[in-house]
1. Just a yes or no: is a residue in the range 14-33 surrounded by 13 or more Cβ atoms within 10 Å (Cβ to Cβ) and touching a Gly at 6+ places or on another chain (Cβ under 7 Å)?
2. I need the strands (runs of 3 or more DSSP E) fully contained in the chain, keeping only those with at least 1 residues that are of a type in the set (Gly, Ala, Ser).
3. Counting only residues that are modelled with pLDDT of 95 or more and over 12 Å from the mean Cα position of the chain (by Cα), which one in the range 2-22 is farthest from Leu55 (Cα to Cα)?
4. Return the residue satisfying two criteria in turn: it lies in the range 45-70 and is under 17 Å from Lys12 (Cβ atoms) and without any contact (Cβ under 8 Å) to a residue 40 or more places away in the chain, and of such residues it is surrounded by the fewest Cβ atoms within 10 Å (Cβ to Cβ).
5. Residues of the range 29-44 being in contact (Cβ under 8 Å) with a residue 24 or more places away in the chain and closer than 16 Å to Asp2 by Cα, which ones?
Amino acid sequence: MDAIKSPTRVKKMFGAGEITIVDPEYKYKYSLVAKCPNDGEISNVQRYDKKSGSLSDVTFKCAACFQEFQAKREDMMVI
């Protein structure tokens with residue numbers, strides 16, 4: 001499956017303080033990802049912080065260039 005923009009799912013993830021979410025209808029587990037600003041590769045979450053039960057900081061790490069970065073919430077996707 002390709003990474004897709006899904007503001008609704010990303011918002012739910014931030015609200016629940018989780019980097020994954022399960023689709024209740026299809027039981028598919030979506031994960032939070034972002035494109036690396038250096039090479040455009042889809043990157044997974046390296047670490048995250050919670051504040052009052054919600055996600056507050058999410059850091060991604062590119063598997064191609066090994067760069068860690070933070071993305072704007074509107075640029076985050078799910079896969």
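1. Yes; the residues of the range 14-33 include at least one that is surrounded by 13 or more Cβ atoms within 10 Å (Cβ to Cβ) and touching a Gly at 6+ places or on another chain (Cβ under 7 Å).
2. In the chain, 29-35, 42-51, 54-61 are the strands (runs of 3 or more DSSP E) which contain 1 or more residues that are of a type in the set (Gly, Ala, Ser).
3. Val22
4. Ser52
5. Hits for the range 29-44 are Tyr30, Ser31, Leu32, Val33, Ala34, Lys35, Cys36, Glu41, Ile42, Ser43.
The values are calculated or read from the model by the stated rules, or taken from the named source; none is laboratory data. If you're wondering where the values come from, they're calculated on a predicted model, not measured in any experiment. Virtual Cβ from ideal backbone geometry, glycine too; neighbours counted across all protein chains shown.
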